[in-house]
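Asker: Sharing a structure here in structure tokens format.
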Amino acid sequence: MALNAAQTRLYVVNDQADTIDVIDTSGNAILETIPVLPRGSVLPAALEKYKGANPNSVALSPDEKLLYATIGNLNAVAVIALGARDRGSRWLDSFRPVGTRPP
């Protein structure tokens with residue numbers, strides 16, 4: 001989990017769902033669910049319905065414009081632009097390979 005500096009947003013990793021929930025801390029409500037996989041670019045379309053990327057943890061950039069999520073089973077980090085919108089959802093800025101099983 002990661003909390004923004006104002007403590008108004010909590011980012012929670014859902015490892016079995018391959019998503020991150022954005023929670024409004026004042027109302028304890030889920031504002032948005034962000035998928036951690038770029039659809040169609042890392043996975044073939046036939047495999048998109050399956051889960052198992054296993055996001056492990058999240059961290060915010062100092063300016064809180066980017067959210068980083070470690071993707072354990074794909075040995076990668078997803079970089080999510082929090083201010084950008086694409087068809088109503090967060091925009092996956094990049095998907096970067098890293099060492100084995102990022103923490």
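Asker: Grab the other residues whose beta carbon is less than 10 angstrom from that of D24, score K and R as +1, D and E as -1, and report the net. Walk me through the numbers before you get to the answer.
Answerer: Details: positive: R9; negative: E32.
Once positives and negatives cancel, what remains is 0.
Asker: How would you rank 70-81, 7-18, highest first, on the average number of other Cβ atoms within 10 Å across their residues? All intermediate terms of the calculation are to be shown ahead of the outcome.
Answerer: Details: 70-81: 19.6, 7-18: 16.0.
So the peptides 70-81, 7-18, ranked by packing, come out 70-81, 7-18.
Each value in this text was obtained by applying a stated rule to the coordinates, not by laboratory testing. Nothing here was measured: the structure is a model prediction, and the numbers come from that model. Here Cβ is always computed from backbone atoms with ideal geometry, including for glycine, and neighbour counts include all displayed protein chains.
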